[in-house]
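> I have a structure I would like to understand better, so I am pasting it below and will then ask my questions one at a time.
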Amino acid sequence: MRLFAGKLLVHIGYKETLALGVITGLVMTLFYYGVDNVLLLYVVRFWHGASFGITTTASATIVADIVPRNRSGEGIAYYSLSQILATAIGPFLGMFISQHGSYNMMFTVCAIASAISIFMLPFLSLRKKELTAGQMQEMRGLKLSNLIELPVIPIAVICLIVFMCYSSIISFLAVYAQEIDLVEAASFFFMVYALVVLISRPIIGRVFDARGENTIMYPAILIFATGMLLFSQSNIGYQLLFAAVFVGIGFGAIQSSALAIAVKITPSHRLGLANSTYFTFSDLGMGTGPLLVGILIPYLSYRGMYAVVAVILLACLFLYHFLHGRTLNSKIREASLDIPS
């Protein structure tokens, strides 16, 4: 649905697309009460996923549109903190309710949260996005360039690989922690990760705007790779949590900065397509990552698999340079030559 969310944003409007996603999400949440077979569960999950894809793409596009271009790094960094808080609080609440309540209670809490979102919609103050006749003509028809923002693909490919590497932590942390006998430390891993991201991301956003994306992306990829290497070699609890600090700084910076890059290089009337392209590639990385890196586990063990992930991230340094970094540097040099002495 990410691919089609970009077109929806153009043709029916930002606020209307967001409303469609949020309302569909509430309806699908209510349907969980009546699920009594696997086929119906698949149908509900499909449309719930569709609503999530529409809502998150629309909200990111709205933020990208209202934030000044010269402060896109900072603005998107602040916005992305909401996702960090949600992914930290949501699983905790889900586990708490499932242990002390019931799934119906969980559905009720989710339905209330969705209803609150719908109640807030009318209070959003958004200017109407007016497109020229030429821009509307450009966006008509079902063709590849109207589903994917092609100039965003290079940075989106970097995100696909980075998210694939990050998914290895989410998927295998619990089993890896049992293997290395650090289950207690592992229970605090994502708390440390979330705290580090909350502290670092606004700073990273300001540096992005002041000094450009290369100042952030090169160190961030290196820091993330270092974190994965530490993660693969952890024998003591504090080493695992120290790795969480590196992962939080590195992956957190890449996540928000890559989205800011996608916004920065895209015309304003195609922001929806830029966001949908970024999220589509990121989702592909998160979805295929556990399968691809999981193939290595029987041959290399979990430590070996995470060491390979660290090497893949180091390779991303060179990939980023050739796909985006060097192009940016050449543009900066050309701009400096145009400045009169």
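> Keeping to the stretch 106-126, report how many residues are touching a residue at least 12 places away in the same chain (Cβ under 8 Å), closer than 15 Å to Gly21 by Cβ and either of a type in the set (Ser, Thr, Tyr) or part of a helix (DSSP H, G or I) (or both).
Residues meeting the conditions: 6.
> Would you kindly identify the helices (runs of 4 or more DSSP H) lying entirely within the stretch 141-236 that contain at least 1 residues that are surrounded by 22 or more Cβ atoms within 10 Å (Cβ to Cβ) and modelled with pLDDT of 90 or more? If you could, list the steps in order and put the result at the bottom.
Values: elements: 153-179, 183-186, 189-211, 213-232.
Fully inside the stretch 141-236 and qualifying: 153-179, 189-211, 213-232.
> Right, Ile261: at pLDDT 90 or above and either more than 21 Å from Ile84 (Cα to Cα) or touching an Asp or Glu at 6+ places or on another chain (Cβ under 7 Å) (or both) or not? Lay out the reasoning, then the answer.
Values: at pLDDT 90 or above: yes; either more than 21 Å from Ile84 (Cα to Cα) or touching an Asp or Glu at 6+ places or on another chain (Cβ under 7 Å) (or both): yes.
Answer is yes for this residue.
> What number of residues within the stretch 2-35 satisfy the criterion of being without any contact (Cβ under 8 Å) to a residue 40 or more places away in the chain and either within 18 Å of Ala115 (Cβ to Cβ) or assigned to a helix (DSSP H, G or I) (or both)?
So in the stretch 2-35, the residues without any contact (Cβ under 8 Å) to a residue 40 or more places away in the chain come out as 12, 16, 20-21, 24, 27-28, 31, 34-35.
From the residues that got through so far, the ones that are either within 18 Å of Ala115 (Cβ to Cβ) or assigned to a helix (DSSP H, G or I) (or both) too are 12, 16, 20-21, 24, 27-28, 31, 34.
So the answer is 9.
> Quickly run through the stretch 251-290 and pick out the residues that are under 14 Å from Val67 (Cβ atoms) and either without any contact (Cβ under 8 Å) to a residue 40 or more places away in the chain or not in a helix (DSSP H, G or I) (or both).
Selection gives Thr266 alone.
> Which residue is modelled with the highest pLDDT, if the candidates are limited to the stretch 1-60 and must be among the basic types (Lys, Arg) and touching a helix residue (DSSP H, G or I) at 6+ places or on another chain (Cβ under 8 Å)?
Residue satisfying both the conditions and the ranking: Lys15.
The values are calculated or read from the model by the stated rules, or taken from the named source; none is laboratory data. Just so it is clear, the structure is predicted and the values come from calculations on it, not from any experiment. Note that we place each Cβ from the backbone using ideal geometry, even for glycine, and neighbour counts take in every protein chain shown.
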